[in-house]
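Student: Could you have a look at this structure, given as structure tokens, before my questions?
The values are calculated or read from the model by the stated rules, or taken from the named source; none is laboratory data. These numbers come from a predicted model, not from an experiment. Methodologically, a virtual Cβ is constructed for each residue, glycine included, from the backbone with ideal geometry; neighbour enumeration extends over all protein chains shown. These area figures cover heavy atoms from the full protein model, side chains too; ligands, DNA and RNA do not enter into them. Shrake-Rupley method; radii C 1.70, N 1.55, O 1.52, S 1.80 Å.
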Amino acid sequence: MKTDTGIALVDLDEEGVDRAFRADVLKGLNQLPKAIPARWFYDQEGSRLFERITQLDEYYPTRAETDVLKTRSNEFAQLVGQGRAVVEFGSGSSVKTPLLLEAIDPAAYVPLDISGDFLRESAVALSQKFPDLPVHPVEADFMRRVSLPDGVGPLKKLGFFPGSTIGNMVPRTAVDLLRSMRATLGADEGESPLLLIGMDLVKEQQKLEAAYDDSDGVTAAFNMNLVTRINRELSGTIPADALDHRAVWNDDLARVEMHLVANRDIDFTVSGESFSMRSGETIHTENSHKFTPRSANLLLLAGGWTPIKRWVDEDERFSVVLARATEQREAP
């Protein structure tokens with residue numbers, strides 16, 4: 001595998017902190033109800049904890065999606081074809097990414113991730129599996145359009161967005177992300193780019209809540225690590241023992257919500273700003289939207305992608321959708 005050193009596109013301030021991270025945290029703590037975007041879970045420790053979550057008995061999405069990737073690889077290969085550059089939005093899983101790469105024999109692999117350390121670790125791991133595959137890791141916020149490395153642009157491209165991360169976003173943000181993916185992948189020679197995306201399905205409330213509040217407490221640690229990161233990087237004084245993990249199903253919005261709930265009144269500072277929380281008040285840290293085939297199609301179409309084929313696992317828990325970028329036309 002030919003590995004670039006990586007292209008860093010994260011905007012750091014004079015203290016070496018991601019400007020977007022600081023801005024999102026301060027904005028989120030100042031609003032009511034308090035909320036911080038889920039993408040900031042994924043520092044190095046957060047990424048490691050999430051990898052542990054994917055191995056838990058209660059957390060079905062990874063197993064279900066992996067089952068689809070294993071059993072439908074021939075169909076992927078026929079529809080996608082060989083010789084594409086795979087652009088993965090989020091650093092590659094040690095399980096799922098190799099399954100796709102083995103199936104379609106790509107010309108290059110470009111993982112995009114905001115967590116630079118985890119990104120580089122993933123690239124090294126893939127080098128042991130694919131020694132002849134050019135890999136171009138890019139440290140960047142893929143919520144925005146990203147310029148791809150030299151040599152990748154002329155290739156036909158397949159975007160890869162596994163894990164139902166799209167469900168972490170409210171619909172308008174998800175649509176914006178899908179459009180930015182379209183912009184990142186650009187226009188291929190004579191053919192629109194493709195996108196292979198994981199989308200979790202609506203199911204029983206008990207199964208959904210258990211997946212985000214496991215008996216081993218790993219998801220709770222993942223949620224609490226956000227506090228650790230804020231205290232470390234933003235000079236925060238949030239008392240971690242005053243916050244508890246909570247995961248609940250919101251049926252009206254078809255999503256599991258994760259919160260950090262204050263178990264007592266607290267006062268704290270972050271980046272020199274003062275904040276307070278009353279007992280029972282929460283910081284909303286994550287949404288995990290679940291989809292029906294209809295709602296998934298509507299979201300993709302709104303984001304500029306036309307669904308081509310949908311696959312589900314044997315137990316119909318999780319879907320993987322292949323879509324083609326919709327031709328961009330001027331409104332009449």
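Student: Name the residues in region 35-52 that are at pLDDT 95 or above and either surrounded by 22 or more Cβ atoms within 10 Å (Cβ to Cβ) or touching an Asp or Glu at 6+ places or on another chain (Cβ under 7 Å) (or both), would you?
Tutor: Across region 35-52, the qualifying residue is only I36.
Student: Can you pull out the residues in region 184-218 that are open to solvent by less than 50 Å² (accessible area, probe 1.4 Å), over 20 Å from I308 (Cβ atoms) and of a type in the set (A, V, I, L, M)?
Tutor: If the condition is that a residue be open to solvent by less than 50 Å² (accessible area, probe 1.4 Å), over 20 Å from I308 (Cβ atoms) and of a type in the set (A, V, I, L, M), then L208, A210, A211, V218 are the ones that fit.
Results for (1) of a type outside the set (A, V, I, L, M, F, W, C); (2) in contact (Cβ under 8 Å) with a residue 12 or more places away in the chain; (3) in contact with a helix residue (DSSP H, G or I) (Cβ under 9 Å, 6 or more places away or on another chain), shown as yes or no for each residue.
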site: F160; (1), (2), (3): no, yes, yes
site: S164; (1), (2), (3): yes, yes, yes
site: V175; (1), (2), (3): no, yes, yes
site: R182; (1), (2), (3): yes, yes, no
site: P193; (1), (2), (3): yes, yes, yes
site: Q205; (1), (2), (3): yes, yes, no
site: E209; (1), (2), (3): yes, yes, no
site: D213; (1), (2), (3): yes, yes, yes
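Student: Going through D267, D244, D252 one at a time, which residue ends up being part of a loop (DSSP other than H, G, I, E, B), surrounded by fewer than 19 Cβ atoms within 10 Å (Cβ to Cβ) and of a type in the set (D, E)?
Tutor: So the residue among D267, D244, D252 that is part of a loop (DSSP other than H, G, I, E, B), surrounded by fewer than 19 Cβ atoms within 10 Å (Cβ to Cβ) and of a type in the set (D, E) is D252.
Student: Condition first: basic (K, R) and open to solvent by 50 Å² or more (accessible area, probe 1.4 Å). Now tell me which residues in region 137-165 satisfy that.
Tutor: R144, R145, K156
Student: A further question follows. Could you check region 129-172 and list, in sequence order, the residues that are small (G, A, S) and closer than 17 Å to M199 by Cβ?
Tutor: G159, G163, S164, G167, listed by residue number.
Student: Another question, if that's okay. Test of understanding: among G151, G163, G167, which residue is under 19 Å from V256 (Cβ atoms), part of a loop (DSSP other than H, G, I, E, B) and not aromatic (F, W, Y)?
Tutor: The conditions single out G163.
Student: Restricting to region 224-233, what's the tally of residues that are touching a residue at least 60 places away in the same chain (Cβ under 8 Å), out of contact with any Leu (no Cβ under 8 Å at 6 or more places or on another chain) and of a type outside the set (V, I, T)?
Tutor: Count: 2.
Every residue, every condition in (1) in contact with a strand residue (DSSP E or B) (Cβ under 8 Å, 6 or more places away or on another chain); (2) outside any strand (DSSP E or B); (3) open to solvent by 40 Å² or more (accessible area, probe 1.4 Å); (4) not polar (S, T, N, Q), yes or no:
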site: T237; (1), (2), (3), (4): yes, yes, yes, no
site: L260; (1), (2), (3), (4): yes, no, no, yes
site: S274; (1), (2), (3), (4): yes, no, yes, no
site: H284; (1), (2), (3), (4): yes, no, no, yes
site: A296; (1), (2), (3), (4): yes, yes, no, yes
site: L300; (1), (2), (3), (4): yes, yes, no, yes
site: W311; (1), (2), (3), (4): yes, no, no, yes
site: R324; (1), (2), (3), (4): yes, no, yes, yes
